[in-house]
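The values are calculated or read from the model by the stated rules, or taken from the named source; none is laboratory data. Treat the numbers as computed from the prediction; the structure is a model and nothing was measured. Don't worry about glycine lacking a Cβ; one is built from the backbone with ideal geometry, like all the others, and counts go over all protein chains shown. Heads up: the accessible areas ignore ligands, DNA and RNA and are worked out on the full protein's heavy atoms, side chains in. Shrake-Rupley method; radii C 1.70, N 1.55, O 1.52, S 1.80 Å.
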Amino acid sequence: MKIFKTTINSSPFVGVFSCASEKFALVPHSTSQKKVEEIEENMEVKVIKTSLANCPLLGVLCVMFEDKIVVSEIVEESEKKFLEKNGLKVKQLKGYTAIGNLVSVNKNGGIASTLMSPAHAKEIANFFGIKIVQKDIAQSNLVGAAAIATDKGFIVHPNVTKPEFLAMQKIFGVEGNPTTANYGDSFIGNDIVANSKGAMVGEITTTFELTRIDEALRG
């Protein structure tokens, strides 16, 4: 497991500007080749430079799993075709913009926001081929921002309750840690992009936060 501190678009909020699965990662067009190579080496993924809805907020506008991606309703048709050309299966979910803030998944299951309709949550579950449960986490319906899951572990908003945490362990089938990142940000989905092989973390993340993240994601 390789964890490295970095920025995307000169921002420590790497989870806002990037997203990843076990096979792919998306970064904005402005990302340097050196950073692309760093991500590919540490996370063992194919990196695709792209935009979504003609903007760089990739982590907000999509959810990725393996070689599949669910994208916001405002993503352009040309962008969908570009992702498909690069090896991704794409599903556009109508009625949602910041879909990345609403869903967190790994190979064992997923959690979707209670803001979503049950029908749309089921659409995502069927597309990804996993079971998805709808629930809030840490008094927030932004579960994609409040939690990150990989096939080895998960990290979650520090205000998570014990029953919520135990439910997450059951859903994701892995152990986890509550923590902040980027010097105190509780919505760790903004600050971290991870898979089972590596993770990029916002550069202002503290040593203590990094230890908590590392413990959880190593499994």
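Descriptive notes on the structure:
- Where trypsin sites (Lys or Arg not before Pro) in DSSP loops with at most 12 other Cβ within 10 Å are excluded, longest remaining stretch of the chain: 1-93
- Within the accessible area of the chain (1.4 Å probe), percent carbon and sulfur: 51 percent
- Once you reduce segment 3-45 and segment 163-219 to the center of their Cα atoms, the two points are 17 Å from each other.
- Net charge over other residues, Cβ less than 13 angstrom from the Cβ of E77 (K, R count +1; D, E count -1): -1
- Net charge of the neighbourhood of N9, taken over other residues with C-beta under 13 Å away and scored Lys/Arg +1, Asp/Glu -1, is +1.
- Measuring against 18 Å, Cα to Cα, the residue pairs K5/K34; K80/K107; K46/K89; K5/K68 contain K80/K107; K5/K68 as the ones spanning a longer distance.
- Accessible surface, the chain, averaged per residue in Å² (probe 1.4 Å): 42 Å²
- Residue-averaged 222 nm ellipticity for the chain, from DSSP H runs of 4+ at -39500 (n - 2.57), nearest 500: -8000 deg cm²/dmol
- DSSP-defined beta bridges in the chain - what % are antiparallel, rounded to 5: 50 percent
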